[in-house]
């Protein structure tokens, strides 16, 4: 539409027509997007050939809660399983702020320089209210995220921890089949995620900090007994003496525990992820452990126990999902919940009634 201000009677006034408003959707988007409707054979072939795009899409299927996606994912995993199991799996945990992601960046670059391929599976903290997650690990792994031989996959930790851990274990199978010979599994460092991760890795590394005002805070029996190695980060500058003191305290604490079944005495080292100090020593410790447990047979025995553990965990999860997804049970739970809230029935009696109804359906 022509502007009235451009009428000849308005001398000296001229209004440009402007530009056509661009579409809200990128017209080139359809050309750039590729359909992810691969067949199972295409997924498996892509994973075995090391195609990271197809690997990412396969991991997305594993993480999906949709039954049709899970069916495809399980078929892919079954076909990839014979090609998995050849990687060294390292679990990494520590309190928030200990420098886990920065350390993974440095540890990973050390491996890549040696000619290895690394996959990082990071369980990312997520909001219990919105279920949203920043998934910001890649922003803190600046060097690794640029490397073609590194694969970084953050997963939100909202919902069932067991479910997230199971999907992480299945993702390990896919990454190993894709040719990654080292795997890092990073935990959020808050709660029981460490127990789940320890049950899927070969070496469990605990990252500690010194100079936080309470050196003994990190000496917790549960996490200390799980750790195969403890490293104290940020041992640089004015913090070196505090790191050495924390190292002595942790070593003394470890002497109070019985020797682990692996026959390995956990070591305590100091390093600086920021200044890249002590990284070689940390890897020497991990490789000494792997050599020891492979020689004494604990390595294979532990992996067999882990496989059995996850079989029962999968049974528990599927039973739980079958229970809550049952339409009749869903209606009964609403009624029972109201009776419990109004103190007409105890929580335990209500739970027993719901389970009895569920079991009766299977008869």
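Derivation of every value follows stated rules applied to the coordinates shown; laboratory data play no part. Because the structure is a prediction, the values reported are computed rather than measured. Neighbour counts run over all protein chains shown; Cβ positions are idealised from the backbone, glycine included.
Observations
- If R0 is 41 Å, the Cβ-Cβ spacing of residue 304 and residue 340 corresponds to a FRET efficiency of close to 0.45.
- Taken along the Cα-to-beta-carbon direction at a fixed 7 Å, the label points for residue 261 and residue 357 span 4.1 nm.
- FRET efficiency, residue 53 to residue 142 (Cβ-Cβ, R0 22 Å, nearest 0.05): 0.50
- Label separation (residue 81 vs residue 7): 8.2 nm, computed from points 7 Å beyond Cα along the C-beta direction.
- Applying 1/(1 + (r/R0)^6) with r as the Cβ-Cβ distance of residue 37 and residue 328 and R0 = 35 angstrom yields a FRET efficiency of 0.55.
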